[in-house]
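The values are calculated or read from the model by the stated rules, or taken from the named source; none is laboratory data. Note that the coordinates shown come from a computational prediction; the quantities given were computed from them, not determined experimentally. We place every Cβ from the backbone using ideal geometry, glycine too, and count neighbours over all the protein chains shown. Side chains included, ligands, DNA and RNA excluded: accessible areas come from the protein's heavy atoms. Shrake-Rupley method; radii C 1.70, N 1.55, O 1.52, S 1.80 Å.
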Amino acid sequence: FNSGLFGGSHFPGSISYSRSWDSQGSFGIPGAPDYTTRGDGQGFGIGWGAFLPGLPSLSANFNSGSNAYTVFGTDQNGSGSYRSLNLRSNYSIAGFNLNAGYNIGSSHSEIPLIFGNDTLESVHSNNNSFVFSASHNIPVHGSIFATYSHSYVDSDYLGYTFNGTINSVNAGASFAPTQKLSFSMAMDYTDNLAGSLY
């Protein structure tokens, strides 16, 4: 189910709901073969925006969902749930296109360990991040851009844990002096490579 509200106005919104029964999927754990699951799930989402002339835009989206399943050929059960909130804003001033966003989310799963002892492994993850970016056109049919992000991650997945912050910056420029000749360059920096890979 998906419904749009006040489409074409300055304050559009949407609501969605999904439900599945007896759906089949595949779940993989590092170091173990994938196994087939069968279960039920549901998801809910709501979004709203404010787009007023001459002012920064603002949009917000909230999503949540859950599922429960059994492992095909066994009597083991598993479950999972998640929720997330996403905020976005855009604005143009003096030729600069500015974007900012904030994300926060969490997830939790109970995974059956069918290859070993018959227990459940709890997996959880919490994260939030802030992103800001800017771009501007330059002469010779070109543009420049820069993005900064700050993230916090707290995760525990089957014995692999990470807790910390990640700051990253990327910037670049491109220009095309002729239709057949173009140049581009970019750089990336992070203060936590291990966290970025995780």
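Return the residues of region 57-89 that are part of a loop (DSSP other than H, G, I, E, B), in contact with a strand residue (DSSP E or B) (Cβ under 9 Å, 6 or more places away or on another chain) and more than 18 Å from residue 103 (Cα to Cα); say none if nothing qualifies.
Going residue by residue through region 57-89, those that are part of a loop (DSSP other than H, G, I, E, B) are 57, 72-76.
Subsequent filtering for residues that are in contact with a strand residue (DSSP E or B) (Cβ under 9 Å, 6 or more places away or on another chain) retains 57, 72-74, 76.
Residues satisfying the conditions are 72, 73, 74, 76.
Each residue in region 139-198 was checked for being in contact with a strand residue (DSSP E or B) (Cβ under 7 Å, 6 or more places away or on another chain) and part of a helix (DSSP H, G or I), and 2 of them qualify. Against the definition (open to solvent by 70 Å² or more (accessible area, probe 1.4 Å) and either more than 24 Å from the chain's Cα centre (by Cα) or closer than 30 Å to residue 24 by Cα (or both)), how does residue 68 come out, yes or no? So residue 68 does not fit the description; no. Evaluated against (1) out of contact with any Phe, Trp or Tyr (no Cβ under 7 Å at 6 or more places or on another chain); (2) in contact (Cβ under 8 Å) with a residue 24 or more places away in the chain; (3) of a type outside the set (D, E, K, R); (4) part of a loop (DSSP other than H, G, I, E, B), residue 41 falls short on exactly one condition, (4). Every condition in (1) assigned to a strand (DSSP E or B); (2) modelled with pLDDT under 95; (3) of a type in the set (A, V, I, L, M, F, W, C) holds for residue 134 except the one numbered (2). For residue 197, are the conditions met, namely being under 18 Å from the mean Cα position of the chain (by Cα) and surrounded by fewer than 15 Cβ atoms within 10 Å (Cβ to Cβ)? For residue 197, the condition - under 18 Å from the mean Cα position of the chain (by Cα) and surrounded by fewer than 15 Cβ atoms within 10 Å (Cβ to Cβ) - is met. Cβ-Cβ under 6 Å, sequence separation 6+ or interchain: first residue in region 56-85 and touching a residue at least 24 places away in the same chain (Cβ under 8 Å), partner open to solvent by 60 Å² or more (accessible area, probe 1.4 Å) and aromatic (Phe, Trp, Tyr). Which pairs? Qualifying pairs under 6 Å: 56/91; 57/51; 60/48; 65/82; 85/62. In this structure, does residue 157 turn out to be exposed (fewer than 15 other Cβ atoms within 10 Å of the Cβ) and either over 19 Å from residue 97 (Cα atoms) or in contact with a Lys or Arg (Cβ under 8 Å, 6 or more places away or on another chain) (or both)? Judged against the criteria, residue 157 is not a match.
Conditions tested, residue by residue: (1) touching an Asp or Glu at 6+ places or on another chain (Cβ under 8 Å); (2) at pLDDT 90 or above.
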{"site": "2", "(1), (2)": "no, yes"}
{"site": "24", "(1), (2)": "no, no"}
{"site": "28", "(1), (2)": "yes, no"}
{"site": "31", "(1), (2)": "no, no"}
{"site": "64", "(1), (2)": "no, yes"}
{"site": "90", "(1), (2)": "no, yes"}
{"site": "102", "(1), (2)": "no, yes"}
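Of all residues in region 44-55, those that are open to solvent by less than 70 Å² (accessible area, probe 1.4 Å) and assigned to a loop (DSSP other than H, G, I, E, B) total 2. Out of curiosity, is residue 146 open to solvent by less than 80 Å² (accessible area, probe 1.4 Å) and over 26 Å from residue 64 (Cβ atoms)? Yes; evaluated as a whole, the condition is true for this residue.
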